[in-house]
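Below you'll find the structure, written out as structure tokens, and then a few comments.
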Amino acid sequence: MTQASYNFTGKTALVCGGSSGIGRGVALALRDAGARVIATGLPGETVAPETGIEFVALDVADQAGVTALAARLAQDGAGLDLLVNCAGMIRRQAEYDIETFLRVLDVNLAGTMRLCTACKPLLAKQRGSIVNTASMLSFFGGALVPAYAASKGGVMQLTKSLAIAWAAEGIRVNAVAPGWIATPLTQALQDDPARSGPILERTPMRRWGQPEDVAKAVLFLASNAAEFITGVILPVDGGYAVA
């Protein structure tokens, strides 16, 4: 493995959901590896500025907004080498409500598809790649989060399907499958010993993952070190799914 494998100088990366949590960690890692990074966050969201990252507002459930962003990228002439789909939502204990269920699927699964299809022409020109965000719940269910689990199972199969469909155009499509990662979305669980205890007990590596743990896996899948890898769902969970 050479250091050049993780050199993204001259590359342009779009990180959807890059304003916080795992997505922000990915955006920072790509910036530090030399990429031009465009990161999206929800309209109206307060985003802490970060040197070297351009933040733009985007609701991935808004097809017109997704189309407009792809058109903007096409017009600026820089092209697009990497799309990372991190935008997502979870509504614990509320996802049995059908409207909430559909909203979660629209953001997590359909939103991923919207970005992939909108950015496909740009990625084909660059023979670029996509890294989606699946989940440990892509592999097993979650009683409190049926919509989230279903959407992430869908992301896994979507990733495999697009990998097959787009390989001839030089586009690699892979996904990371994070486990329990320390982000604002899991802060309540981290702070509750009754809930965090069993999580750490089952996790062979006995710690919460960090956004940078996921970011390292994204950089690998997006790099030339993985140029013969496509359709892979890479767990980043400290061994949780196999324990």
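Read-outs: derived from the displayed coordinates by stated rules, not from any lab. Keep in mind the model is a prediction, meaning the values are calculated, not measured. In this analysis, Cβ positions are derived from the backbone assuming ideal geometry, glycine residues included, and neighbour counts consider all displayed protein chains.
Along the range 161-176 the Karplus relation, 6.51 cos²θ - 1.76 cosθ + 1.60 evaluated at θ = phi - 60°, assigns HN-Hα couplings of 5, 5, 4, 5, 5, 10, 4, 5, 9, x, 9, 8, 10, 10, 8, 9 Hz to successive residues, with x for each Gly and Pro. Relative to one another, the C-alpha centroids of the range 172-207 and the range 19-56 are positioned 22 Å apart.
Over the range 177-224, the hull volume per residue, using the convex hull of the C-alpha atoms, is 76 Å³.
Based on the Stokes-Einstein relation at 25 °C and a viscosity of 0.890 mPa s, and on the Kirkwood radius from alpha carbon pairs, the range 3-235 is assigned a translational diffusion coefficient of 138 µm²/s. In this simple spin-label model, placing a label point 7 Å from the Cα along the Cα-to-Cβ direction at both Glu227 and Glu99 gives a separation of 5.2 nm.
If you place +1 on the Cβ of every Lys and Arg and -1 on the Cβ of every Asp and Glu, how big does the dipole about the Cα centre of the chain come out, in debye to the nearest 20? Walk me through the numbers on the way to the answer.
On the way: 20 positive and 20 negative charges, 98 e Å.
It comes to approximately 480 debye.
Rg over Rh for the range 1-112 works out to 1.02, both radii taken from alpha-carbon positions and Rh defined as the Kirkwood radius.
Diffusion coefficient (Stokes-Einstein, Kirkwood radius over C-alpha pairs, 20 °C, 1.002 mPa s) for the range 129-243: 144 µm²/s, rounded to a whole number. Largest GNM mean-square fluctuation among Arg202, Arg72, Arg127, using the chain with Cα springs under 10 Å: Arg72. Relative to the longest principal axis of the Cα atoms of the chain, the long axis of helix 193-202 lies at roughly 70 degrees.
Pulled fully out, how much extra length does the chain show between Asp192 and Arg72, if you take 0.36 nm times their separation in residues and subtract their Cα-Cα distance?
On the way: separation 120, 0.36 × 120 = 43.20 nm, distance 4.37 nm.
Roughly 38.8 nm would be gained on extension.
Result for the chain in a Gaussian network model with C-alpha springs under 10 Å: among Gly197, Gly77, Gly17, the largest mean-square fluctuation is at Gly77.
At most 14 other C-beta atoms within 10 Å and a DSSP loop state: those are the exposed GluC sites (Glu not before Pro) I care about. Give me the longest piece of the chain that has none. Let's see the in-between values first.
Details: sites that count: Glu45, Glu227.
Counting only loop sites that pass the neighbour cut-off, the longest clear stretch is 46-226.
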